[in-house]
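Before any comments, here is the structure.
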Amino acid sequence: MDLYLLGKVPWEDSQLIYHAMAELGREGLILLSPASPYVCIGFHQDAEHEVDLDFCRTNGIPVFRRDVGGGAVYLDGGQLFFQLVLPRGDARIPASKEAFYRKFLSPVVDVYRRLGIPAEYKPINDVIAGGRKISGSGVGEVGGCVVFVGNLIVDFNYGMMTRILKVPDEKFRDKVHKTLTENLSTIRRELGEERAAQWTEERLNALMIEAFGELVGPFQPKTPDDALRAKMDELGSVMLADAWLIQRRRPGAERNVKIRSGVHVVQKVHKCRGGLIRADFEVSDGRLAGVSISGDFFCYPAKKIQHLEAELEGRIVHEVREAIEAFYADNALETPGVGVGDWLAVFGG
């Protein structure tokens with residue numbers, strides 16, 4: 001298999017090269033890191049809904065839509081990317097996506113463990129250490145190939161990741177920042193500054209080459225040739241244009257920010273006969289946390305809404321209906337025009 005060990009590259013090349021490889025039908029492993037920061041959104045996302053484009057433009061942060069799914073992420077030189085391109089139908093590709101992730105994330109788990117970080121695979125596409133995500137990844141079909149992209153997270157700018165997102169209000173942004181910090185880790189965070197500094201980009205990439213080589217076979221070092229560069233330029237003329245980035249996806253009245261597999265920060269807005277309900281909350285491994293309810297509905301007595309928040313805290317999502325029905329049965333409260341079904345529309349029970 002061809003190996004492109006490219007080091008630091010222009011940010012746009014860090015995305016265009018694997019798209020070009022896939023369009024040309026070439027298999028290979030690419031290891032690189034962007035020379036400058038940018039934001040990358042998933043193929044199905046609405047850029048104007050997910051990202052604060054004005055902030056990014058003002059601060060010179062490019063935004064790129066990849067041809068692979070997933071969410072918006074802030075990328076910079078603190079992350080080392082791996083990009084594996086395989087032909088569709090390749091015998092090494094498992095039938096299911098979970099089996100694919102389990103197989104092809106095993107080299108990443110192995111590398112972290114060799115650093116002394118007790119990493120493990122968490123379905124469907126996370127690598128975690130101490131309960132915190134420490135590698136992001138995604139798989140998609142581009143051209144005639146399957147592409148698998150991900151990273152080793154040496155360091156991460158939590159503040160900038162939180163700032164580039166389009167959020168409904170600063171309270172929600174604070175919640176995202178807190179949840180992100182609690183649920184995303186880095187090599188520096190796990191090892192400490194001194195130990196992490198020993199693992200240079202060159203040493204980490206050497207470990208990645210060894211680990212992936214055990215899975216896919218020996219590598220042949222390559223550099224981008226004229227045909228690959230020409231395809232990158234061709235794709236760049238489309239994928240770096242505003243027309244590609246700004247594709248409206250009709251977002252609903254909801255913000256759902258994935259922190260890691262099983263952990264989301266959510267804001268839902270529901271209009272019912274009794275008024276508008278807005279709720280901010282986390283869903284952590286199927287349980288509600290940090291529940292905050294607001295809106296222009298009426299509740300008598302008013303403070304019972306705070307009791308409802310407490311009642312929902314820690315609840316398994318599929319038990320929400322039972323909890324709300326019991327709350328109404330056990331409490332003398334009135335919520336004119338707001339019924340159990342409206343709360344379920346917000347909390348998904």
Study note, to complete from the structure: Gly290 passes all but one of the listed conditions (1) modelled with pLDDT of 90 or more; (2) more than 30 Å from Thr186 (Cα to Cα); (3) among the small types (Gly, Ala, Ser); the exception is number (2)
Check your understanding: Which condition number does Glu282 fail, the rest of (1) modelled with pLDDT under 90; (2) among the charged types (D, E, K, R); (3) closer than 24 Å to Ser137 by Cα being met?
Key -> (1)
Check your understanding: Can we say Asp2 is touching a His at 6+ places or on another chain (Cβ under 8 Å) and either charged (D, E, K, R) or without any contact (Cβ under 8 Å) to a residue 12 or more places away in the chain (or both)?
Key -> no
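Taking Leu29, is it of a type in the set (A, V, I, L, M, F, W, C) and surrounded by 21 or more Cβ atoms within 10 Å (Cβ to Cβ)?
Values: of a type in the set (A, V, I, L, M, F, W, C): yes; surrounded by 21 or more Cβ atoms within 10 Å (Cβ to Cβ): yes.
Yes: the conditions hold for Leu29.
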Point to revise | Residue ranges of strands (runs of 3 or more DSSP E) in the stretch 113-196 with at least 3 members assigned by TED's automatic domain parsing to the domain that holds Pro94 and over 30 Å from Val269 (Cβ atoms) | key: 119-122, 126-129, 137-142, 145-153
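Scanning for something surrounded by fewer than 16 Cβ atoms within 10 Å (Cβ to Cβ) and closer than 20 Å to Asp2 by Cα, does the stretch 130-145 turn up at least one residue? First the steps, then the outcome.
We begin by selecting, within the stretch 130-145, every residue surrounded by fewer than 16 Cβ atoms within 10 Å (Cβ to Cβ); these are 130-131, 141, 144.
Subset that is closer than 20 Å to Asp2 by Cα: 141, 144.
Yes - at least one qualifying residue is present in the stretch 130-145.
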**Study point:** Spans of helices (runs of 4 or more DSSP H) in the stretch 13-111 with at least 2 residues over 30 Å from Pro168 (Cα atoms) and in contact (Cβ under 8 Å) with a residue 60 or more places away in the chain
**Key:** 13-24, 97-104
Review point. Of the residues Ala22, Ala47, which single one is surrounded by 19 or more Cβ atoms within 10 Å (Cβ to Cβ), at pLDDT 95 or above and farther than 24 Å from Glu202 by Cα?
Key: Ala22
Review point. Does at least one position in the stretch 321-333 carry a residue that is more than 30 Å from Leu24 (Cα to Cα), surrounded by 14 or more Cβ atoms within 10 Å (Cβ to Cβ), touching a residue at least 40 places away in the same chain (Cβ under 8 Å) and basic (Lys, Arg)?
Key: no
Revision key, fill the gap. Counting only residues in the stretch 169-197 that are under 23 Å from Ser294 (Cα atoms) and free of Cβ contacts under 8 Å to residues at least 40 places away in the same chain, the one surrounded by the fewest Cβ atoms within 10 Å (Cβ to Cβ) is identified as Glu170
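Take Ile209 and decide whether it is over 24 Å from the mean Cα position of the chain (by Cα) and not assigned by TED's automatic domain parsing to the domain that holds Asn151. Walk me through how you get there before you give the answer.
Working: over 24 Å from the mean Cα position of the chain (by Cα): yes; not assigned by TED's automatic domain parsing to the domain that holds Asn151: no.
When the stated conditions are applied, Ile209 does not pass them.
The values are calculated or read from the model by the stated rules, or taken from the named source; none is laboratory data. Because the structure is a prediction, the values reported are computed rather than measured. In this analysis, Cβ positions are derived from the backbone assuming ideal geometry, glycine residues included, and neighbour counts consider all displayed protein chains.
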